[in-house]
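Right, one structure below, let's go through it.
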Amino acid sequence: MSRLVVVSNRVSLPDEHGSPPPGGMAIALSAALQRRHGLWMGWSGKVKAGEDPSGPISRREARGISYALTDLSQTDLDDYYYGFANRVLWPVFHCRVDLAEYSEARMSGYQRVNRLFAKLLQPLISDDDVIWVHDYHLIPLAKELRNLGCGNKIGFFLHIPWPAADILFTVPHYDDLLRGLSCYDLVGFHTDDDLSNFAECLRRQGLPDPITNGVCQAYGRVFRCGVFPIGIDTAEFERLAEQAARSETLQEPSQRIPGCKVAIGVDRLDYSKGIEKRIVAFDRFLRSNDHRIGKTQLLQITPKSRTEIPAYLAMQKDVAERVGRVDGELGTIDWMPVHYINRSVGPSELAGLYRMARVGLVTPLRDGMNLVAKEYVAAQDPQNPGVLVLSRFAGAARELGGAILVNPYDPEAMARAIEEALDMQLDERIDRWRAMIGRLREYNVYRWCDDFLLGLDQR
Ligand code: GDG
């Protein structure tokens with residue numbers, strides 16, 4: 001089996017005992033890398049002091065995996081990561097064209113850092129290595145590697161949605177992104193919709209029938225495209241949640257207010273996740289259901305993210321204000337409608353909270369997949385499962401047919417869905433849960449990883 005080389009913006013380094021950090025994808029990739037004596041390359045997370053340039057590579061070994069990390073200069077980080085990746089590609093690919101802040105400097109910084117990654121990686125790879133590149137930060141990497149003479153098999157997986165043609169075309173030089181993808185051997189998306197959007201973008205560029213039976217011909221290259229919906233480590237989540245359910249501390253939230261049912265939301269603080277509209281919907285739900293006042297609570301866990309970007313800071317303020325308003329207007333001495341935690345909680349605690357919550361509220365405005373939806377289902381008590389209320393605009397909606405699907409732009413419909421979930425009888429809750437857990441057990445994150453690599457090996 002060829003050696004596997006994974007490249008991603010950030011590298012999930014093992015802890016001091018050599019165990020991979022929590023998170024299904026890091027564990028699955030680490031397992032594949034261990035089996036194939038692999039190499040994982042990316043940004044170290046450190047920024048160079050003063051005017052020092054990015055690089056060089058520093059190496060580490062742990063549990064049969066080799067890690068190659070580079071520091072980035074402040075300018076590179078600003079242009080590439082905070083700039084083009086997260087102020088242009090992230091908003092546009094999530095249909096927030098209004099938030100995109102394109103500049104030539106950001107675009108060229110993005111290309112510069114991809115070129116740097118290629119230059120640093122090239123001496124580390126052997127002819128028969130298989131390279132797997134992750135996510136929107138690194139779309140041009142294969143092109144840069146090919147320019148350096150790299151003939152290896154290179155795969156790319158996009159963790160976020162691929163947008164419709166008219167949305168993509170708002171990015172100046174969008175054609176470079178399409179050309180960049182054509183330099184891979186396999187390009188993977190979460191859903192059919194992403195793949196057909198990609199095909200439509202190529203068609204609109206004048207390529208007739210660009211993808212046939214998963215084979216794409218574009219820009220003088222032939223490569224494969226496919227759908228690989230990412231999963232979670234389902235067995236591990238089930239185990240964690242079951243263990244947490246037996247721990248006394250985690251039973252507390254439901255016992256604090258006797259009879260109070262919890263709806264849970266767990267999202268990085270990001271405008272794609274629909275947190276503000278969810279709070280509005282929960283407020284409507286309470287105001288139109290008097291008997292639920294004091295008896296239902298939204299537990300919203302929202303770790304901060306990308307705080308260097310103004311849109312994220314503004315959103316942090318906005319969410320806090322909305323929560324304050326609802327709590328101020330409806331809360332009582334013993335009960336607050338929204339319990340908001342603006343930081344991360346530990347994995348066991350999270351699994352226990354999912355299990356304790358009667359409703360999982362996962363209502364992104366747009367999401368590549370959304371792992372929280374899958375984790376919520378995996379964490380449920382098979383004898384008394386909660387109900388998932390899921391945005392139809394999350395990739396996960398394609399697989400989780402047992403959820404109540406909602407339009408996250410429609411607060412009244414979301415309020416009705418919360419009510420329906422809370423009223424749902426046990427038989428129906430079990431039926432819906434069973435319709436989802438089977439799929440999650442079968443198509444877990446290990447299967448996702450193996451399927452993608454099989455596709456790439458076969459290319
Ligand atoms: C991108 C795509 C795609 C969150 N808060 C806590 C915590 N989390 C964990 C969740 C989950 C992960 O973070 C978030 O994953 P999502 O999939 O929901 O969203 P993104 O971060 O936007 O991920 C997405 C994904 O890539 C994979 O391809 O599904 O569409 O946007 O695992 O559990 N974990 C802990 N404490 C927290 O407070 N321990």
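Observations, loosely collected:
- Matching entry among ILE257, ILE279, ILE275 (being of a type outside the set (Lys, Arg), modelled with pLDDT of 95 or more and in contact with an Asp or Glu (Cβ under 8 Å, 6 or more places away or on another chain)): ILE275
- Test: ASP193 is under 28 Å from ASN370 (Cβ atoms) and among the acidic types (Asp, Glu): yes
- So ILE404, is it in contact (Cβ under 8 Å) with a residue 24 or more places away in the chain and in contact with a helix residue (DSSP H, G or I) (Cβ under 6 Å, 6 or more places away or on another chain): no
- Number of the exception - LEU350 against (1) within 30 Å of ARG96 (Cβ to Cβ); (2) in contact with a strand residue (DSSP E or B) (Cβ under 8 Å, 6 or more places away or on another chain); (3) modelled with pLDDT of 95 or more: (3)
- Scanning region 142-190 for residues that are within 23 Å of GLU104 (Cβ to Cβ), within 16 Å of the ligand (Cβ to nearest atom) and in contact with a Pro (Cβ under 8 Å, 6 or more places away or on another chain) yields a count of 0.
- Qualifying residues in region 343-359 (those that are more than 14 Å from LEU240 (Cβ to Cβ) and not in a strand (DSSP E or B)) - the one nearest to the ligand (Cβ to nearest atom): SER344
Rundown of residues vs (1) assigned by TED's automatic domain parsing to the domain that holds PRO347; (2) in a helix (DSSP H, G or I); (3) buried (at least 22 other Cβ atoms within 10 Å of the Cβ); (4) not small (Gly, Ala, Ser), yes/no style:
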{"site": "GLN380", "(1), (2), (3), (4)": "yes, no, yes, yes"}
{"site": "MET414", "(1), (2), (3), (4)": "yes, yes, yes, yes"}
{"site": "ALA421", "(1), (2), (3), (4)": "yes, yes, yes, no"}
{"site": "GLY438", "(1), (2), (3), (4)": "yes, yes, no, no"}
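- Residue that is surrounded by the fewest Cβ atoms within 10 Å (Cβ to Cβ), among those in region 195-241 that are acidic (Asp, Glu) and at pLDDT below 95: ASP209
- Residue in region 451-459 that is free of Cβ contacts under 8 Å to residues at least 60 places away in the same chain, crowded, with 20+ Cβ neighbours inside 10 Å and touching an Asp or Glu at 6+ places or on another chain (Cβ under 9 Å) present: no
- The single condition among (1) within 14 Å of the ligand (Cβ to nearest atom); (2) within 21 Å of HIS291 (Cα to Cα); (3) out of contact with any helix residue (DSSP H, G or I) (no Cβ under 6 Å at 6 or more places or on another chain) that ASP327 does not satisfy is (1).
- In region 51-73, the condition of being within 16 Å of the ligand (Cβ to nearest atom), closer than 24 Å to VAL171 by Cβ, modelled with pLDDT of 85 or more and surrounded by 21 or more Cβ atoms within 10 Å (Cβ to Cβ) is met by no residue.
- Any hit, region 66-86, residues being in the same structural domain as TRP132 (by TED's automatic domain parsing), in contact (Cβ under 8 Å) with a residue 60 or more places away in the chain and in a loop (DSSP other than H, G, I, E, B): no
- Residue satisfying all of: in region 360-391; more than 18 Å from GLN297 (Cβ to Cβ), more than 14 Å from the ligand (Cβ to nearest atom) and free of Cβ contacts under 8 Å to residues at least 60 places away in the same chain; nearest to the chain's Cα centre (by Cα) among these: PRO385
- Selection count, region 98-129, where residues are among the β-branched types (Val, Ile, Thr) and either more than 24 Å from the chain's Cα centre (by Cα) or surrounded by fewer than 17 Cβ atoms within 10 Å (Cβ to Cβ) (or both): 1
- From the list ASP283, ASP270, the one residue that fits, being crowded, with 17+ Cβ neighbours inside 10 Å and either outside the structural domain of PRO382 (by TED's automatic domain parsing) or within 30 Å of TYR446 (Cβ to Cβ) (or both), is ASP270.
- Residue list for region 254-288, restricted to those being assigned to a loop (DSSP other than H, G, I, E, B) and within 16 Å of the ligand (Cβ to nearest atom): ASP267, ARG268, LEU269, ASP270, GLY274
- Selection of region 289-342 for residues being over 30 Å from the mean Cα position of the chain (by Cα) and assigned to a loop (DSSP other than H, G, I, E, B) yields ASN289, ILE293, GLY294, LYS295, GLY331, THR332, ILE333, ASP334, TRP335.
- Going through (1) farther than 25 Å from GLY259 by Cβ; (2) modelled with pLDDT under 95 one by one, ASP334 falls short only on (1).
- In summary, ASP193 fulfils each of the numbered conditions (1) among the acidic types (Asp, Glu); (2) within 16 Å of the ligand (Cβ to nearest atom); (3) free of Cβ contacts under 8 Å to residues at least 12 places away in the same chain with the single exception of condition (3).
The values are calculated or read from the model by the stated rules, or taken from the named source; none is laboratory data. Note that the coordinates shown come from a computational prediction; the quantities given were computed from them, not determined experimentally. Don't worry about glycine lacking a Cβ; one is built from the backbone with ideal geometry, like all the others, and counts go over all protein chains shown.
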